[in-house]
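What follows is calculated from the coordinates using simple rules that are stated; it is not laboratory data. None of the values given here were measured: they were computed from a predicted structure. All Cβ positions, glycine included, derive from the backbone under ideal geometry; neighbour counts span all protein chains shown.
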Amino acid sequence: MPPLYSQLLFLFALSLLPFTQASASVNLETLTTDELEQRAASIRIELGNLAQFRFRSGVGATGFRSLRVTNPKQQQWLQVELQEPAMIDKIVIVPSITRNKLNGFHATGFPKAYRLFAVSPESGNEILLATIEESDHELTSIAPRVISVPPTMASWVRLETIELSHHTFDDAYYLELSEFMVFSGHENVALRKPVSSLTPEMSTAPHRQPRFAVDGDLPYLMDGAKSESSIAMITPTSSDQVNTITIDLESSCTVDSIRLHSVELSDTVPQGFAKNLGTPEKIQVEGADKEDFSDATLLLVDDYSSIHECGPIIHRALNKTQCRYIKVTELEPNAYETHGTQKAMFGFAEIEIFADGVNVAKHKPVSANFEIRNPIRSFTTLTDGLNYYGNILPPLEWMQQLARREQLETELVTIESLLKARYAGQKRNLALIAWLLPVAAFCIIIAFLLYRITHQRQIAHIRERFAADLHDELGANIHAIGLLGDLAKNMLNDPEQLSETVDEIRATTERTGQSIRHCTDMQQGILSAHLVNDMRRVAKSILIGIDYTFEVDGEDALELLAARRRVDLYLFFKESLVNISRHADATRCEIKLESTNKGIQLSIKDNGCGLSGSFSDGLPKSLKRRARLLKATVTVKSDSATGTHILLQVRPSISIFNRT
């Protein structure tokens, strides 16, 4: 494989990297606000280092326009003969630019879909380089299209349309291009080469001829990245003087093209001259290895008398020659008349000499056969690499920077739109938070008050339960101690019986202490694990002298009863037996405890005298209170002949049983 071909193949792969990264980039909508802000900041920094869009004014050639057609599918093409085969790797298409009152500057006549072909000089076969489809946004883009193609040896290149875009002005379809550039490395090998198309020469307007598609004349002014500007070299001259400028390249090299930057006319609006001030009507370019030009070779003779041939940047191909010195000679001066007097000016903003795409004249010494009359102008500005706006860029780099700028500016608009929407959302959220804060404060106050009320109710509930426990657990023992004390007084004359009574008082006192500890345990829900055994034991100790029965059904389920519920049920049962022992005068008592899926039911019957006195209107308050703590219902049937029947029913609830 030839070394040049290998290098171009590598450059092609490298040039595809940005496009690969762009296609693989994340969706902007998925980025966080911080990431969007960082991306916007990095774009602004990069934009500060890129060439800017600045459009030329005045008159001149505008590029190529095909004949008018009414069918967008009707094919149009433009073909450039390279004359010498070249290894091409990039194609740059600059759109024709127009403006209207709605959209400002925008592209017009750019094809909606097109193909790029090349022909091999060896086989003569056509090679498809690329097929491009433009979106609606891209169609109106003013940026150049920089298209990387596989490194291909070609003798000509053709653009062939698939679909034309609509021209709103006359409701027709055209193919319009400002410039068609074909690069081999950094050299535009299509510059000023023969062009053919379906549109014959001179069949369209003078400024829209096919040859203007490769004349190197662009719709942009060179406005590179921010840097110091340079004042053009220009001086008055006479029509009979032949002015020359000589550049010493300091070493011999093969030059292939020249770019002449005209003196800027954009410092006034409108511009003061019809065409380039200081640019000769005709020039001659020579190259030589000897300083006296005794071995001079003619590189170019060019005529700029037509306004269609003279733009802000005049880029011309040279006869490839190895030389060290370049001489630019003014053959016909730039003459103009003012106040009836014929005058002439001669000068340029920059002269670039290219060898393989590199400006070999940059910062090289310049001499001339005339003197500059204005002291603020200098010959050094002809090769300082600067113009009125800043840096002067090589053609390919200039086009790449403009394309990159358009891409970044489009992305920045999208980012700013997303950020604006997100900032609006944040503003709404802040307003909502500002509204919710007082509501939240009010809710906190209400919650605190509810907590206080609930807490006070809990304290009252604990007091009520503790009072009930003290009454039910200790009341009987304290009452018994009082009775035994009265009995002991009556036994003072009978020491033996008195001793037995005192022993009983002591035993009752010990049981009272135990009951106090038991009452404390019950406040914490502590009770023997066997409820039924506790109930049998208390029945035996209270119902002394009373014949009683105790039946239990569903004892296993009762053992699953929650601790606090066991305590409440136990104390209700105990208080009921104490009342029978104290007040009923009963000789028999029937007790039945039953646990089913319908709940718990406790039945206590006695054959006493029934409820009377303070209890004639219902249960004692202690039993009512304990039933309320159990969240149970109590029914009472009482008769002086048959006795009293108390029925306690506890409704089924998940909370009354321990969770397993």
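A few comments on the model shown:
- Per-residue HN-Hα couplings for segment 68-82 [Karplus 6.51, -1.76, 1.60; θ = phi - 60°; Hz; x = Gly/Pro]: 6, 10, 10, 10, x, 7, 5, 6, 10, 8, 9, 10, 10, 8, 7
- From least to most packed, judged by other beta carbons within 10 angstrom and beginning with the fewest, VAL59, VAL567, VAL69 follow the order VAL59, VAL69, VAL567.
- Global geometry of segment 563-654, whether rounded, prolate or oblate, following the gyration tensor of its Cα atoms and the 1.5 cut on a/c: prolate
- Cα centroid separation, segment 325-397 to segment 36-79 (Å): 28
- THR244, THR414, THR62 arranged by Cβ crowding within 10 Å, fewest neighbours leading: THR414, THR244, THR62
- Within segment 374-405, none of the trypsin sites (Lys or Arg not before Pro) combine a DSSP coil assignment with at most 14 other C-beta atoms in a 10 angstrom radius.
- Only one of (1) 1.00; (2) 1.57; (3) 1.14 was calculated from the structure for Rg/Rh (Cα atoms, Kirkwood Rh), and its label is (2).
- Placed amide H near GLU350: partners under 5 Å, 5+ positions off or other chain: HIS261
- Cα-based Kirkwood hydrodynamic radius, segment 221-392, one decimal, Å: 16.3
- Top positive-direction residue, dipole computed over segment 528-660 with Cβ charges, set LEU647, VAL552, ASN607: LEU647
- Taking a ≥ b ≥ c as the square roots of the eigenvalues of the Cα gyration tensor, segment 92-201 is classed as prolate, since a/c reaches at least 1.5 and a/b is larger than b/c.
- Distance between modelled label sites at ASN49 and LEU300, nm, 7 Å Cα→Cβ extension: 3.1
- About the Cα centre, charge dipole magnitude for the chain (Lys/Arg +1, Asp/Glu -1 at Cβ), debye: 3320
- Each Cα pair under 8 Å and six or more residues apart adds its separation to the average, and for the chain the resulting relative contact order is 11 percent.
- For segment 221-392, with +1 on Lys and Arg beta carbons and -1 on Asp and Glu, the positive-most of ASN334, GLN284, PHE348 along the dipole: PHE348
- Where trypsin sites (Lys or Arg not before Pro) fall in DSSP loop in segment 172-254, at most 16 other Cβ within 10 Å: ARG192, LYS226
- Cα-centre dipole for segment 221-392 with unit charges at Cβ (Lys and Arg positive, Asp and Glu negative), debye to 20: 220
- Cleavage-rule hits (GluC sites (Glu not before Pro)) in segment 390-437: DSSP loop, at most 15 neighbouring Cβ within 10 angstrom: none
- The helix-only estimate of mean residue ellipticity at 222 nm for the chain, built from DSSP H runs of length n ≥ 4 each weighted as -39500 (n - 2.57), is -11000 deg cm²/dmol after division by the residue total.
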